[in-house]
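Asks: Quick one: structure below, then a few questions.
The values are calculated or read from the model by the stated rules, or taken from the named source; none is laboratory data. Given the structure is predicted, the values throughout are model-derived calculations rather than measurements. Cβ sites come from the backbone with ideal geometry, for glycine too, and all protein chains shown count toward neighbours. Surface accessibility is based on the protein's heavy atoms, side chains included, excluding ligands, DNA and RNA. Shrake-Rupley method; radii C 1.70, N 1.55, O 1.52, S 1.80 Å.
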Amino acid sequence: MLRLKARAIIVYYFMLIKLYPENPDSRKLEGIITTLQKDGIIIYPTDTVYAIGCNMKSQKAIERVCQIIGKKPENANLSLICYDLSNIAEYTTPFSNTIFKMMKRCLPGPYTFILNANHNVPKLFQNKKKTIGIRVPDNNIPREIVRFLGNPIITASLRVDDDLEYYTDPELIHDEYGELVDIVIDGGMGEMDASTIIDCTGDEMELVRQGKGLVDILAD
């Protein structure tokens, strides 16, 4: 009995991994990367709210994420978290220099930019998705995960019962989702404001959602 109890405690603390945004532990990151490479799902902090995601190369994991958030893959508004803007051309059609300068000025930061997707995105999501959200959060934890992994991760905000409220306490998140996901990363208390969403697919940039990011950036 003692051995079984001890093993359960070890599993619990493996599921809830503490990382510090200022200097994420590389050995813990390696374990997270291994989980992602094996179709695992993680919950992690960003510069806004906590999010759920997986390796963009794992269709099995993408389907699991959609099931957890209660969306069909063809209807889920999934975005990509990138380390920086260097490889977004792999997932988007060409866009104007004005948009690029805007993104470069805002990122890393609490913004999601909606861009026209290229032919790689429908293959990624196994649907007819023609747009893709791009995030480069100002938080070293998800960015270092992406850097170690070598490619973006899929992301969706972690809402409370699909309401406009968000989970902020990683321990409560673990209590709620610990049996559904593989790892919950404790990066400290999250925020209640999600990212500001800007649609860049038309002739002019359009504010879709006011979030943490300042919108007066559109007027610059």
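Asks: With the checklist (1) of a type in the set (Ser, Thr, Tyr); (2) open to solvent by 20 Å² or more (accessible area, probe 1.4 Å); (3) farther than 26 Å from GLU206 by Cβ in hand, flag the one item TYR44 doesn't pass.
Replies: (2)
Residue-wise test of (1) within 21 Å of GLY213 (Cβ to Cβ); (2) without any contact (Cβ under 8 Å) to a residue 24 or more places away in the chain; (3) in contact with a strand residue (DSSP E or B) (Cβ under 9 Å, 6 or more places away or on another chain).
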site: THR93; (1), (2), (3): no, no, yes
site: LYS104; (1), (2), (3): yes, yes, no
site: ARG147; (1), (2), (3): no, no, no
site: ALA156; (1), (2), (3): yes, no, yes
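Asks: From the residues in segment 64-82 that are of a type outside the set (A, V, I, L, M) and crowded, with 17+ Cβ neighbours inside 10 Å, which one is nearest to GLY178 (Cα to Cα)? Outline the logic, then answer.
Replies: Looking only at segment 64-82, we keep the residues that are of a type outside the set (A, V, I, L, M), and these are 64, 66-67, 70-75, 77, 79, 82.
After this cut, where a residue has to be crowded, with 17+ Cβ neighbours inside 10 Å as well, the list is 64, 66, 79, 82.
Values: ARG64: 14, CYS66: 16, SER79: 23, CYS82: 25 Å.
Here the answer is ARG64.
Asks: A further question follows. Hey, among the residues in segment 164-220 that are out of contact with any strand residue (DSSP E or B) (no Cβ under 6 Å at 6 or more places or on another chain) and among the β-branched types (Val, Ile, Thr), which one's nearest to LYS28 (Cα to Cα)?
Replies: Applying the filter and picking the extreme gives THR168.
Asks: Among (1) at pLDDT below 95; (2) open to solvent by less than 40 Å² (accessible area, probe 1.4 Å); (3) farther than 24 Å from GLY188 by Cβ, where does ARG7 come up short?
Replies: All conditions pass for ARG7, except number (2).
Asks: Among the strands (runs of 3 or more DSSP E) lying completely within segment 167-220, list those that include at least 1 residues that are modelled with pLDDT under 90 and under 21 Å from ASN97 (Cα atoms). Walk me through how you get there before you give the answer.
Replies: Working: elements: 183-186, 196-199, 206-209.
Qualifying strands (runs of 3 or more DSSP E): none found.
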